[in-house]
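Below you'll find the structure, written out as structure tokens, and then a few comments.
The values are calculated or read from the model by the stated rules, or taken from the named source; none is laboratory data. Because the structure is predicted, anything quoted here is derived from the model rather than measured. Positions of Cβ are generated from backbone atoms using ideal geometry, with glycine treated the same way; all protein chains shown enter the neighbour counts. Accessible surface is based on the protein model in full, side chains and every heavy atom, while ligands, DNA and RNA are left aside. Shrake-Rupley method; radii C 1.70, N 1.55, O 1.52, S 1.80 Å.
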Amino acid sequence: MIARALILSLALVAGCMRSPLDNYWVPPRPLASDAGTYRPPAEPLENDDYGVAAAAPADPEGELTLEQAWRLALLRHPSLVADAYEVRSAEASRMQAGAMPNPAVDVRLDDFGGSGSRRSFVDSNVRLRVTQVIELGGKRASRVAVAAAERDLAAWDYEARRVDLAAQVSARYVVVLEAQQAVALNDEAVRIADQMHKIVEARVDAGGLLPIHKDHSLVRSSLARIKLAESKLKLESARRRLASAWNSSKATFTRVAGELALPEGNVPSLESLEAHLSDHPSIAQTGALLARRQAQLELARANAVPDIEVGAGARYFRDMDDYAFLVEMSVPLPLFDRNQGEILSRRLRVARARAQGDEALALARDALISAHRDLSIAHHRASALAADVLPRLESLLTTTRAQFEQGTAKLDDMLDAHRDLLRARVDHLDALAAYHGAASIIEGLIGRPLGQVQTR
């Protein structure tokens with residue numbers, strides 16, 4: 001009968017059901033949304049290497065595109081992988097938050113080991129009971145709400161990391177493009193310096209210039225080769241830094257595709273960019289942070305309501321071979337601790353979460369203003385150099401070189417034209433790199449490609 005009573009009591013208090021893990025991820029922002037990203041298994045094996053090697057592509061060979069660089073980084077970067085597992089962990093915590101308290105079994109043996117007839121176990125009494133805490137005040141639902149908000153925050157953290165990583169890859173890709181074009185510029189500078197040296201050498205041999213001019217032209221060629229070697233070293237460093245974005249120790253690709261150029265159309269207005277600031281995960285995350293604070297406040301209020309403990313069982317009287325059932329209930333009296341301090345603390349943190357949302361938006365707006373300024377300045381400078389300065393200097397160099405060969409222009413005039421053209425080409429490349437660098441920052445702030453924003 002006691003065993004039967006135990007089974008009945010367990011059946012009455014049981015009810016904790018295990019729910020499967022939710023596969024929860026926030027919708028990706030438009031930036032690099034088609035590149036794919038790492039998703040860990042719901043239940044990894046004990047000896048699993050977190051599955052990155054199997055999911056990610058191998059190191060690239062040949063020409064590398066920006067889309068390939070995005071995909072490699074978003075599937076292989078360790079920080080993004082770690083954040084992905086945090087989302088999974090938060091999902092599991094939400095599942096656990098909905099579990100009911102476990103019942104407790106209490107077995108008690110009375111009236112034995114004494115004196116007289118109580119010396120042995122013959123006249124002892126056995127009591128068996130099952131107790132269950134019944135949560136009141138909506139604690140279980142509040143715990144689930146807090147855990148769900150924690151999961152949302154983890155998901156937004158992951159998406160913020162994904163967007164920032166995509167923008168970082170774009171910026172590093174721009175640096176490699178700039179370095180590639182700098183090598184090409186310096187290679188062209190070496191070629192021009194060699195051509196001028198031949199021209200000067202011919203004039204020296206003809207007696208039109210002093211031998212010292214030939215030495216100077218040789219120095220200029222040597223300096224141009226030094227700059228070319230430096231630019232190649234910078235290119236290799238930029239290539240390695242780009243490869244490190246997908247956790248690779250070396251750059252296996254030969255070059256990156258494309259070249260730095262200004263896109264068609266004008267610079268997007270600051271107002272049109274600000275309209276997309278709320279799309280960035282770090283801004284959207286503030287809503288999840290406020291939801292978590294509010295859920296924690298509701299949980300603190302629920303914890304102020306005392307739980308009750310109920311129990312049921314049976315008692316066996318061995319001396320009379322009788323048994324009887326028992327029922328009990330325990331209710332704490334909230335006389336001193338009503339969780340008032342915790343409730344006040346959570347209310348204040350709700351207010352702080354609202355202020356943090358305003359702070360995040362203000363910081364993002366400041367960063368956007370600075371990046372938009374740099375974007376506009378670089379666009380104006382690159383446009384002016386390409387439309388006016390570079391064509392004039394190229395024409396001037398061609399004319400001056402022809403006149404020098406004919407003996408109607410001085411050597412200094414030809415050298416000045418050469419230096420001015422090289423300096424303008426470098427300035428133009430710097431302006432293009434500054435434009436695309438600022439564009440990468442803006443894309444990271446608004447969570448979308450700059451081309452998707454309407455220009456003014």
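Of all residue pairs spaced 6 or more apart or on separate chains, those with beta-carbon atoms under 8 Å, a first member in the range 122-143 that is within 21 Å of residue 292 (Cα to Cα) and polar (S, T, N, Q) and a second member that is open to solvent by less than 50 Å² (accessible area, probe 1.4 Å) and at pLDDT 90 or above are 142/295; 142/299; 142/302.
Residue by residue, here is whether (1) in contact (Cβ under 8 Å) with a residue 40 or more places away in the chain; (2) assigned to a helix (DSSP H, G or I); (3) touching a Cys at 6+ places or on another chain (Cβ under 7 Å) holds:
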site	(1), (2), (3)
404	yes, yes, no
414	yes, yes, no
423	no, yes, no
429	yes, yes, no
433	yes, yes, no
439	yes, yes, no
442	yes, yes, no
448	yes, no, no
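Between 52, 87, the distinction of being of a type outside the set (Lys, Arg), modelled with pLDDT of 85 or more, under 24 Å from residue 246 (Cα atoms) and open to solvent by less than 40 Å² (accessible area, probe 1.4 Å) belongs to 87 only.
When the range 336-363 is filtered for residues that are without any contact (Cβ under 8 Å) to a residue 24 or more places away in the chain and farther than 30 Å from residue 307 by Cβ, the ones remaining, listed by number, are 355, 358, 359, 362, 363.
Do we have residue 195 as at negative phi, in contact with a helix residue (DSSP H, G or I) (Cβ under 8 Å, 6 or more places away or on another chain) and open to solvent by 10 Å² or more (accessible area, probe 1.4 Å) here? It is false that residue 195 is at negative phi, in contact with a helix residue (DSSP H, G or I) (Cβ under 8 Å, 6 or more places away or on another chain) and open to solvent by 10 Å² or more (accessible area, probe 1.4 Å).
Kindly check whether there is at least one residue in the range 438-455 that is buried (at least 20 other Cβ atoms within 10 Å of the Cβ) and over 30 Å from residue 165 (Cα atoms). No.
When we screen 244, 248, 222 for residues that are surrounded by fewer than 16 Cβ atoms within 10 Å (Cβ to Cβ), closer than 30 Å to residue 448 by Cβ and of a type outside the set (Lys, Arg), the only hit is 244. In the range 298-343, how many residues are open to solvent by 90 Å² or more (accessible area, probe 1.4 Å), farther than 30 Å from residue 125 by Cβ and β-branched (Val, Ile, Thr)? Qualifying residue count, the range 298-343: 0. Comparison of 190, 174, 183 shows that the only residue that is of a type in the set (A, V, I, L, M, F, W, C), in a helix (DSSP H, G or I) and more than 29 Å from residue 442 (Cα to Cα) is 190. For the range 100-136, taking the residues that are modelled with pLDDT of 90 or more and in a loop (DSSP other than H, G, I, E, B), the one that is farthest from residue 303 (Cα to Cα) is identified as 103.
Does residue 389 count as in contact (Cβ under 8 Å) with a residue 12 or more places away in the chain and farther than 27 Å from residue 101 by Cβ? Even if it seems obvious, please write down each step before you answer.
Working: in contact (Cβ under 8 Å) with a residue 12 or more places away in the chain: yes; farther than 27 Å from residue 101 by Cβ: yes.
Yes; evaluated as a whole, the condition is true for this residue.
Has the range 344-364 got at least one residue that is among the acidic types (Asp, Glu), open to solvent by 100 Å² or more (accessible area, probe 1.4 Å) and part of a helix (DSSP H, G or I)? Yes, the conditions are met somewhere in the range 344-364.
In the range 25-41, what residues are farther than 23 Å from residue 276 by Cα and open to solvent by 50 Å² or more (accessible area, probe 1.4 Å)?
Listed by number, the residues that qualify are 39, 41.
Residues that are under 30 Å from the mean Cα position of the chain (by Cα) and within 23 Å of residue 422 (Cα to Cα) within the range 162-214 comprise 174, 175, 176, 177, 178, 179, 180, 181, listed in sequence order.
Residue pairs whose Cβ atoms lie under 7 Å apart, sitting 6 or more positions apart in sequence or on different chains, and linking a residue in the range 371-386 that is under 15 Å from residue 443 (Cβ atoms) to a partner that is acidic (Asp, Glu) and open to solvent by 70 Å² or more (accessible area, probe 1.4 Å), do not occur here. In the range 206-235, the residues that are farther than 14 Å from residue 187 by Cβ form Cβ pairs under 7 Å with partners that are charged (D, E, K, R), at six or more places apart or across chains, as follows: 209/203; 214/201.
Residues that are modelled with pLDDT of 90 or more, within 19 Å of residue 283 (Cβ to Cβ) and in contact with a His (Cβ under 9 Å, 6 or more places away or on another chain) do not occur anywhere in the range 343-358.
Against the conditions (1) in contact with a His (Cβ under 6 Å, 6 or more places away or on another chain); (2) free of Cβ contacts under 8 Å to residues at least 12 places away in the same chain, residue 264 satisfies every one except (1).
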